[in-house]
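Below is one structure, written out as structure tokens; comments come after it.
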Amino acid sequence: MKYETVIGLEVHAQVMTKTKIFCGCSTQFGSAPNSQVCPICLGLPGVLPVLNRDVLELGIRLGIATHCKVAPHSRFARKNYFYPDLPKGYQVSMFELPLTEHGYVEIFSDSGAEKGRKKIGLTRIHMEEDAGKNLHEGFETGSRVDLNRAGVPLLEIVSEPEISSGEEAVAYLKALRAILIYAGVSDADMEKGNFRCDANISIRPVGTSKLGTRSEIKNMNSFRYVQKAIQYEILRQEEVLEEGGRVVQETRLWDAKKGITRPMRSKEQAHDYRYFPEPDLVPLKIDEEWIARVAATLPEMPDAKRKRFVETYGLPAYDAAILTSSQALANFFEEAVSIFPKAKMVSNWVMGDLLRELNQENKEIEDALVTPKQLAAMLKLIEDGTISGKIAKTVFEEMVQSGKDPTVIVREKGLTQVNDAGALGQMIDEILEANPKEVAGYRGGKKKLMGFFVGQVMRQTGGKANPGKVNELLKEKLEK
């Protein structure tokens, strides 16, 4: 491979407050255009912003959760640019004195084994206000502007350029999203625009340390699009260099319909924004007591929960990483284990059958019709021999689709496992009598024929025979 990829991500997460960052307007999603605005977020002359304290505390909260250093002194700055959706002609953000710096997010960069752990450094996390939204579709002439989002509070999380592939970028975004949700900072709902990502991508010859010219990719609203856009951009830059050209520093948009990135505008440098301290907001002073008070309110975070799952439940690191990837999934697992205390068996069903069914339906764990109590009840049916593992697959599929209790499904469909030694023995005698050639072959050393006989029993019982009991009886009769 001639080139290596260097990626840095900028994530904007909307924090969970009822009102905007500098005024009392609602942050509720989906309201009529321009119905949640006031003179402050409209940028009318003579108004003064007032910082929403909850936004600041949530910013401190995220900084602690991502191992950042919370700055004792920080301040807002004006970022000047002129778009129709920016009513003041500048965005209130932070520049030279951000809220927090120098943290990290840990990811599993390959199969999730311990050796695959990697820490992605965080350059900074800072507060800023969102802009409005330009609306282009549905209008015969021109465009419209909805300023409901203007002033909505955001945290911008800037990673170090330490991500090396689209797969790692997705792993980082999923880990960061989990932290935001665990910490109660953001719901990180990508469909509502509450978790948005821009990717800065460059390539350089393998073995060199100088960063290549980067392109910034915008308009990626799903993990799948992030990965596809990065993969496309890497190939595009490689082709440019191979043909003797040079990569231009620019902002590009991801076109999901065509599966390509396309130019949007030349990429601005910091000096193009003419940053200067925001004169209408006082500098922030955050002491250690305040930081400690916020830290004390944090719940168990994904890293700590993952470690506990390994130590308490004896799970492999890979299982623990998957199960703690979302708070809802971790809660589902722990509730099921509290009822059926065989962690690895629960983990196998949650990670395998449950997540597979949900992925096929494009659903999240919160949408599952199956409850932890129902899963535990089904595992008890397997353990006490009421149903076999094979029958359990059928039962579980019905549980996922209908939300019915496993005992009801087993009773309605007549799926109770056949354990009666007498009935099974009689059936086996008939099968052996009907297949003398195979019996002779088995007794002559062809032990693999055991599978043939087991299959015959299972076919006659509709898969309901207890496999352990069948094998035991067959071996006893065949080896007389």
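Just a few scattered comments:
- Selected residue (criterion: surrounded by the fewest Cβ atoms within 10 Å (Cβ to Cβ)) from residues of the stretch 124-150 that are in a strand (DSSP E or B) and hydrophobic (A, V, I, L, M, F, W, C): 135
- Only one entry in 211, 241, 253, 235 is surrounded by fewer than 16 Cβ atoms within 10 Å (Cβ to Cβ), in the same structural domain as residue 165 (by TED's automatic domain parsing) and not in a loop (DSSP other than H, G, I, E, B), namely 235.
- Test: residue in the stretch 343-358 that is outside any helix (DSSP H, G or I) and among the hydrophobic types (A, V, I, L, M, F, W, C): no
- Single residue of the stretch 273-302 satisfying the filter (in contact with a strand residue (DSSP E or B) (Cβ under 6 Å, 6 or more places away or on another chain) and in a helix (DSSP H, G or I)) that is nearest to residue 105 (Cα to Cα): 291
- Single match in 58, 51, 62 (criterion: part of a loop (DSSP other than H, G, I, E, B) and closer than 28 Å to residue 296 by Cβ): 51
- Test: residue in the stretch 328-335 that is of a type in the set (D, E, K, R), over 24 Å from residue 176 (Cα atoms), surrounded by 12 or more Cβ atoms within 10 Å (Cβ to Cβ) and in contact (Cβ under 8 Å) with a residue 12 or more places away in the chain: yes
Listed here are the residues, each with its yes/no results for (1) outside any strand (DSSP E or B); (2) surrounded by 21 or more Cβ atoms within 10 Å (Cβ to Cβ); (3) assigned by TED's automatic domain parsing to the domain that holds residue 286; (4) not hydroxyl-bearing (Ser, Thr, Tyr).
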residue: 7; (1), (2), (3), (4): no, yes, yes, yes
residue: 11; (1), (2), (3), (4): no, yes, yes, yes
residue: 21; (1), (2), (3), (4): yes, yes, yes, yes
residue: 43; (1), (2), (3), (4): yes, no, yes, yes
residue: 88; (1), (2), (3), (4): yes, no, yes, yes
residue: 97; (1), (2), (3), (4): yes, no, yes, yes
residue: 103; (1), (2), (3), (4): no, yes, yes, yes
residue: 107; (1), (2), (3), (4): no, yes, yes, yes
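- Qualifying residues in the stretch 190-203 (those that are part of a loop (DSSP other than H, G, I, E, B) and touching a residue at least 40 places away in the same chain (Cβ under 8 Å)) - the one surrounded by the most Cβ atoms within 10 Å (Cβ to Cβ): 194
- Evaluated against (1) out of contact with any Leu (no Cβ under 8 Å at 6 or more places or on another chain); (2) hydrophobic (A, V, I, L, M, F, W, C); (3) crowded, with 22+ Cβ neighbours inside 10 Å, residue 169 falls short on exactly one condition, (1).
The values are calculated or read from the model by the stated rules, or taken from the named source; none is laboratory data. For clarity, every value in this text was computed on a predicted model and none was experimentally measured. Here Cβ is always computed from backbone atoms with ideal geometry, including for glycine, and neighbour counts include all displayed protein chains.
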